[in-house]
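Visitor: For reference, the structure I am asking about is given below.
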Ligand SMILES: C[S@@+](CC[C@H](N)C(=O)[O-])C[C@H]1O[C@@H](n2cnc3c(N)ncnc32)[C@H](O)[C@@H]1O
């Protein structure tokens, strides 16, 4: 699952993962991202890795967050801004192309190029369809990279799918609560905050052959000692 896989998806508009509405688990649990956020007299910053053109980013912005999204596809980023009438000129920012407008900052580039310096000031992370977009080897690398790039271990709202993996190939990949525990063992405290039956809401995954589908939300807290 290399960069070209995703670029092709965006070029051909094959983006079934994109939701036309705000994720209900975010609506119900976003407040959990706030406790412990340092009061610097500025808006808290939420990092949205592998952000696509998710509506969730605008929703978070409307709730007072400064949103920092990271996305491989410039098509996604430009669409996101155009759909909201935001004018933003691209700027070079290290290995990224940066678009910034109205408390939305979008970095076009590879999440694996993020550094602790670039992420200074990030107060929280929102991961929906990012971890589950990655195959197992890359998923492990992503978790390790984010731990290095975010040494303060900000609160994270993580949303995963679980379904019988043999029924179809990812992405999205099935990640069970046990697998989440294993991925973050020793690094984060993992609290499962809600699990919902998502088969009806995710008709595309049902059409691909999923006989059962659960969407899980987790809150990751704590720091490695
Ligand atoms: C399944 S989509 C989810 C998008 C978004 N989180 C949402 O909920 O709609 C995964 C996204 O990650 C992007 N992506 C994949 N690998 C990436 C990487 N290494 N760095 C940055 N973005 C990446 C893809 O282009 C795609 O838009």
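Here, each number is a calculation from the coordinates, and none is a lab measurement. Computed from a predicted model, the values in this text were never measured in an experiment. Ideal geometry is used to build each Cβ from the backbone, glycine not excepted, and the neighbour counts take in all protein chains shown.
Visitor: For the stretch 112-132: of the residues being in contact with a helix residue (DSSP H, G or I) (Cβ under 8 Å, 6 or more places away or on another chain), touching a residue at least 60 places away in the same chain (Cβ under 8 Å) and within 8 Å of the ligand (Cβ to nearest atom), which is farthest from residue 145 (Cα to Cα)?
Guide: For the stretch 112-132, the residue satisfying everything is 128.
Visitor: Which one of the conditions (1) out of contact with any helix residue (DSSP H, G or I) (no Cβ under 8 Å at 6 or more places or on another chain); (2) more than 19 Å from residue 125 (Cα to Cα); (3) touching a residue at least 40 places away in the same chain (Cβ under 8 Å) does residue 162 fail to meet, given that it meets all the rest?
Guide: (1)
Visitor: On to the next question. Conditions first: (1) within 24 Å of residue 194 (Cα to Cα); (2) out of contact with any strand residue (DSSP E or B) (no Cβ under 6 Å at 6 or more places or on another chain); (3) away from the ligand (no atom under 14 Å from the Cβ). Residue 42 passes all but one, so which condition is the exception?
Guide: So residue 42 meets the others, but not (1).
Visitor: Here is a list: 34, 68. Which entry is within 19 Å of residue 157 (Cβ to Cβ) and crowded, with 19+ Cβ neighbours inside 10 Å?
Guide: 68
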